[in-house]
């Protein structure tokens, strides 16, 4: 205990790297905590700002950072679902959460207890003039939140809704949008075309169904993700990564369960060819037939490291290959 307190004393005014073991003690006094991931571009941009805050307000509180890649389970237990997340703690308990602009001025106001500026939304704002061009585009899957400014629920779910942008950033054919139904010009769309009178109303417009499908469930990120995946045939998790079903084709997985020798492997390969479905199985089948099944285990281990070390499209490709390879084990 003495060592921990001494460490806090030495680090006071600087950004402290916390761990699950030290978190409760570190946040005993007033503490501003940043939960982050090393690959997150917004986290990287925030780093110098957070360090400047630690220097300027060192007499008021501790400034702590938690690496949620290194301590993933701990962050999940704390309810961290996107990065960076900024929270105020005291006596080891969360007392507030910061959702404003991540600049030195507004963060300073938050620390001093002053009113902060309105965060700039990253959600595409729709109007009567651009609604049809965006929503009716048959090359795009579109999610629209219909809202009014005075609706408290609309305000409370905004940060959750914006998380969808980060979760689906690798899906180039999805648009996360919103429409202010209090604007006179927009009423012809909200109440006129869609008969919307309750807020918020979240509606899905898949590429092949532009009449709209309303969302009738609880407003939680994991619920949004489950519905978007179902409506748009995506395979994302809350952290933005692809899940274990991405890249897989159930019909082919079933065929692979029949394989017990090389002859059957060749037969399955021919059956997959006849399906005439674009898939990631054929290159792996060919590789196994030329190099043997040992290739599968070696490649899986290699991909595990690649998934941890990469982001974006490169990580997506690695996860898809990993998912398919798992079916050959």
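Nothing in this text is a laboratory measurement; each read-out follows from the coordinates by a stated rule. Not measured: the values here are computed from a predicted model. Glycine gets a Cβ as well: all are built from the backbone with ideal geometry, and neighbour counts include every protein chain shown.
Under the simplified labelling scheme, the residue 254-residue 172 pair shows an inter-label distance of 3.3 nm, with each label point 7 Å from Cα along Cα→Cβ. Taking the average, over residues, of other Cβ atoms within 10 Å as the packing measure, peptides 312-324, 191-203 rank 312-324, 191-203 from highest down. Got the relative contact order for region 114-219 handy, in percent, Cα pairs under 8 Å and 6 or more residues apart? It rounds to 38 percent for region 114-219. Entry note, the chain: the mean residue ellipticity at 222 nm calculated from DSSP H runs of n ≥ 4, each adding -39500 (n - 2.57), is -12500 deg cm²/dmol after division by the residues and rounding to the nearest 500. Taking the Cα centre of each part, how many Å lie between region 203-249 and region 281-329? Using only Cα atoms to place each centre, the spacing works out to 25 Å. For residue 17 and residue 237, FRET efficiency with R0 = 30 Å and r from the beta-carbon atoms, rounded to 0.05? Given R0 = 30 Å and the Cβ-Cβ separation, E is 0.70.
Take 237-246, 171-180 and order them by the average number of nearby Cβ atoms within 10 Å per residue, most first; the result is 171-180, 237-246. Every pair of different Cα atoms in region 249-318 enters the Kirkwood calculation, which places the hydrodynamic radius at 13.4 Å.
Here the label points at residue 313 and residue 295, each 7 Å from Cα along the C-beta direction, are separated by 2.5 nm in the simple model.
Which one, [x] 26.7, 108; [y] 18.7, 56; [z] 24.4, 73, gives Rg and Dmax of the Cα atoms in Å as derived from the coordinates shown? It is the one labelled [z]. Packing here is the average count of other Cβ atoms within 10 Å per residue, and on that basis the peptides 284-294, 83-93, highest first, run 83-93, 284-294.
Here the spin labels are modelled as points 7 Å beyond Cα on the Cα-Cβ line, and at residue 159 and residue 124 they lie 2.6 nm apart. Rounded to the nearest 5, what % of DSSP beta bridges with both residues in region 2-112 are antiparallel? About 55 percent, rounded to the nearest 5.
Calculated FRET efficiency, residue 104 to residue 218, Cβ-Cβ distance, R0 = 30 Å: about 0.25 to the nearest 0.05. Antiparallel DSSP bridges in the chain: what percent, to the nearest 5? DSSP beta bridges in the chain are roughly 50 percent antiparallel. Between residue 97 and residue 133, the contour length at 0.36 nm per residue exceeds the alpha carbon distance by 9.3 nm. In region 280-329, the convex hull through the Cα atoms has an average projected area of 3.1 nm², a quarter of its surface area.
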